[in-house]
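The numbers here are math on the coordinates, done by the rules we state, and not lab data. Quick caveat: nothing in here was measured; it's all calculated off a predicted structure.
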Amino acid sequence: MKDSSRRGFMGKAFGAVAGVGAVASLYAMKKTWDPLPSVKAAGFTTLDMTAYEGNVLVTEKWRGKPVFVLKQTPEMVEFAKKKNELNRLIKVGNDYYMIVLGLCTHLGCIPGYDAEKKSFLCACHGGTYDSTAMVTKAPPPRGLDIPPFKVDGMKVVLGEEGPEYKKLLQEGVTLPV
């Protein structure tokens with residue numbers, strides 16, 4: 001009788017140790033599948049829109065890609081209204097901003113901005129964009145893409161799909177990035 005009770009105890013002890021080991025192994029496996037905190041943080045970029053000046057292009061970074069931010073002057077806003085392109089601009093407070101991925105939609109080159117002409121030139125193949133990032137000279141097939149964003153007071157969070165971005169997608173103003 002002593003043998004069977006001892007065997008039962010050893011079996012239960014071994015089972016408990018194996019169970020704890022299995023749970024620890026599953027936990028470790030799950031941790032390796034989760035993205036690193038640095039990767040999670042790289043998914044979102046917060047822009048303080050009060051820091052930008054009119055007609056001064058600032059290049060930010062989101063997920064390793066250049067993002068062009070251009071605060072529109074009143075003259076640029078009037079131009080956008082005339083061209084029926086105001087819907088491409090993001091309104092934060094009382095100001096309008098062009099926020100786009102800084103990659104040409106033709107071959108992915110990075111266009112340069114000419115503040116005097118208020119236009120972008122992709123030197124690789126001669127494509128041009130206006131101050132709302134719409135194509136004014138081919139070969140780019142469409143305007144520069146707008147990254148997912150959410151307006152939060154005087155800040156814009158890149159990487160988060162807010163109602164403003166979803167509306168742009170529904171209206172076909174930009175493609176999903």
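Report summary: the helix-based calculation at 222 nm, which adds -39500 (n - 2.57) for every DSSP H run with n ≥ 4 and divides by the residues of the chain, gives -10000 deg cm²/dmol. Rg/Rh for the chain stands at 1.37; both radii use Cα atoms, and Rh follows the Kirkwood definition.
Relative contact order for region 69-177: what is it in percent, counting Cα pairs under 8 Å that are at least 6 residues apart?
20
List the relative contact order of region 1-114 as a percent without decimals, with contacts defined as Cα pairs under 8 Å and 6+ residues apart. Once divided by the residue count of region 1-114, the mean separation gives 17 percent.
Rounded to whole numbers, the Karplus 3J(HN,Hα) couplings from phi for region 50-60 are 6, 8, 9, 10, x, 6, 10, 6, 10, 9, 9 Hz, using 6.51 cos²θ - 1.76 cosθ + 1.60 with θ = phi - 60°, and x at Gly and Pro. Once you reduce region 40-75 and region 133-154 to the center of their Cα atoms, the two points are 12 Å from each other.
Taking the DSSP bridge list for the chain and keeping only pairs wholly inside it, about 95 percent are antiparallel. Under a 5 Å amide H cut-off, with hydrogens placed 1.01 Å from N, residue 119 pairs with 114 among residues at least 5 apart or on other chains. With contacts taken as Cα pairs under 8 Å at a separation of at least 6 residues, region 130-177 carries a relative contact order of 30 percent.
A simple rule links phi to the HN-Hα coupling: the Karplus curve 6.51 cos²θ - 1.76 cosθ + 1.60 with θ = phi - 60°, which for region 61-71 gives 10, 9, 6, x, 10, x, 10, 8, 10, 9, 6 Hz, with x for Gly and Pro.
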